[in-house]
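Heads up: the structure comes next, in structure tokens.
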Amino acid sequence: MSNIIEPKTLETTLSNLVAEREAWEAGSYLKSNQELYALLEKCLNQYTQVKHSPSLRNVVSQMLRERNIAFNASTNTLTKIVRLIFGDCGKRAYTYARVIQVALAEKPENVSLATFITNAGGVEEIRRRNASGVSPAQLRQQRIEAAEKLFVGADGIVTVDTVDGITPNAETENNLSLAILRLNADGTSTVVCGIQNIALLNAALEHAAKQQSMLNDPKAELSQERTRQATLARAVKEAVAA
């Protein structure tokens, strides 16, 4: 897959964004959230170009090293970009990365990030909403993380030799991947295809979490409670009628 932008162009663009962040922080930090939202949107745009390119991701990592900004093997590309642009800002980097993640999942294409954040009540409101589990996107992420936590340390059903076709996607934060198995006539199964698509992996993890009831689902609990109340009401009505 060819790169949308050249590595040197990416480095220059990100360096300019660092300068914009410094100008924002020194001048209008307390009075202009719109400037922050515009900067976050530029981070989002850079992420969409970088995420599928190993060479561009390497540029981001190298720029972090040159600036002595900490990251490790589990730090995802979006968080790396946010840390690079905003520097050593502690938990703010996590908050900004989460806001962008929510926007990627929920923001309509024809709506700017600034409008999306403003309509949601601001950065902190989005962060609190996600932390409380109210957001469908956050509930989905909780399911994915619950499945990841279980499967990363699980004993497994069967062990097979790893080959190139079934290795995890390099962009994942775990060692999980998908595979298609064929049931053979003799009762054995054969891995016929590996799938490195992260979206499909996350969908499978979410489904597994639901299937195995790995965490409480507020929507499901509400539905069950309504069904219970309706059943009780019918029983009372039938008893009175008798």
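The values are calculated or read from the model by the stated rules, or taken from the named source; none is laboratory data. Treat the numbers as computed from the prediction; the structure is a model and nothing was measured. Neighbour counts run over all protein chains shown; Cβ positions are idealised from the backbone, glycine included.
What are the residues in the range 62-83 that are of a type in the set (A, V, I, L, M, F, W, C) and in contact with a Lys or Arg (Cβ under 7 Å, 6 or more places away or on another chain), if any?
First, pick out the residues of the range 62-83 that are of a type in the set (A, V, I, L, M, F, W, C): 63-64, 69-71, 73, 78, 81-82.
Passing the criteria: Leu64, Ile69, Phe71.
Would you please name the residue that is modelled with the lowest pLDDT, looking only at residues in the range 120-136 that are crowded, with 17+ Cβ neighbours inside 10 Å and more than 16 Å from Leu40 (Cα to Cα)? If you could, list the steps in order and put the result at the bottom.
Filtering the range 120-136 down to residues crowded, with 17+ Cβ neighbours inside 10 Å leaves 120, 123, 126-127, 130, 135.
Okay, now just the ones that are also more than 16 Å from Leu40 (Cα to Cα), so 130, 135.
Details: Asn130: 47, Ser135: 60.
Only one residue fits best here, namely Asn130.
Quick one: would you say Arg65 is more than 23 Å from Ser112 (Cα to Cα), of a type in the set (Lys, Arg) and in a helix (DSSP H, G or I)?
yes
Residues being small (Gly, Ala, Ser), in contact with a Ser or Thr (Cβ under 7 Å, 6 or more places away or on another chain) and modelled with pLDDT of 90 or more: count how many of those fall in the range 66-104. It would help to see each step written out before you state the result.
We begin by selecting, within the range 66-104, every residue small (Gly, Ala, Ser); these are 70, 73-74, 87, 90, 93, 97, 103.
Imposing the further condition that a residue be in contact with a Ser or Thr (Cβ under 7 Å, 6 or more places away or on another chain) reduces the set to 93, 97.
Filter once more, keeping what is modelled with pLDDT of 90 or more: 97.
The number of residues fulfilling the criteria is 1.
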